[in-house]
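Structure, as structure tokens:
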Amino acid sequence: MDIAPFETLAALRIAIGYLGEQGQHGWWSSSFFSSGSSAFLTPVFPRSPNLARYTGVTQAASHVHDERIGVGRVYHLFRLPEDLELNLHRVAQDNLLWQSLAPYIRSKEAALAYLHGSTNSMADPAVGPIRVGDVQNVRRSSAWSILAALYANGFESGLHVFPYFSDIAS
């Protein structure tokens, strides 16, 4: 399988999830990465507040993506095939991942810099649902580089983008 390491996918999910939240660009109405979220999450999830953040922002972003793209024979960063989801859930529990990402989820600028560092692709400004490729591309690291570039452009331009994979041409 030519997929980017699961750590890379989890990190993209976290960085893009952070950037899409209310306190940053407001693409979805969650605040799992806000400064006050620890006061709420830590008592409820004392052993896994980071996993709670990850799960919460994934669900919030997935809901918005599903509304814009639809559900069915499509995948996007926040809703992937089950085998990938299981591996990402496992990786998201790793405290070392969170420690390495901590500097990038403190500000919009740092998170955008992380996205730019995660891509070697250029993407034209776009808006709305954008088909990145067919469902087989979900397992190719080159597709995730394109996706990172699309989100970076979207956040910088203020245009909401929703990259997805589908066998159905749009």
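Throughout, read-outs are computed from the coordinates displayed, never taken from laboratory work. Everything quoted here is computed from the prediction, not taken from an experiment. FYI the Cβ positions are ideal-geometry reconstructions off the backbone, even for glycines, and counts take in every protein chain you see.
Stretch residue 83-residue 106 to full length: gain in nm at 0.36 nm per residue minus the Cα-Cα span? Can you show the working numbers first?
Numbers: separation 23, 0.36 × 23 = 8.28 nm, distance 3.02 nm.
Full extension of this stretch gives 5.3 nm more.
If r is the Cβ-Cβ distance from residue 73 to residue 35 and R0 is 41 Å, what FRET efficiency results, to the nearest 0.05? Write down the numbers at each step before the final one.
Numbers: r = 40 Å, r/R0 = 0.97.
Computed FRET efficiency for residue 73 and residue 35: 0.55.
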For the chain, what proportion of DSSP beta bridges, expressed in % and rounded to the nearest 5, is antiparallel?
40
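State which helices in the chain qualify, where a helix is a whole DSSP H run, it must extend 18 Å or more along its own axis by its Cα atoms, and its mean Kyte-Doolittle hydropathy must be at least 1.0. Don't skip to the end; give the middle numbers.
Details: long enough: 6-20 (21 Å, 1.19); 49-69 (29 Å, -0.61); 141-157 (24 Å, 0.55).
Sorted by number, the helices that extend far enough and score high enough are 6-20.
By count of other Cβ within 10 Å, fewest leading, how are 13, 68, 73, 47 ordered? Please report the intermediate quantities before stating the final value.
On the way: 13 21, 68 15, 73 11, 47 8.
So the residues, fewest neighbours to most, are 47, 73, 68, 13.
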Just report the Cα centroid separation between the stretch 46-87 and the stretch 128-170, whole Å.
15
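Calculate the dipole size of the chain relative to its Cα centre from +1 charges on Lys and Arg beta carbons and -1 charges on Asp and Glu beta carbons; express the result in debye to the nearest 20.
Numbers: 12 positive and 14 negative charges, 53 e Å.
Result for the chain is approximately 260 debye, rounded to the nearest 20.
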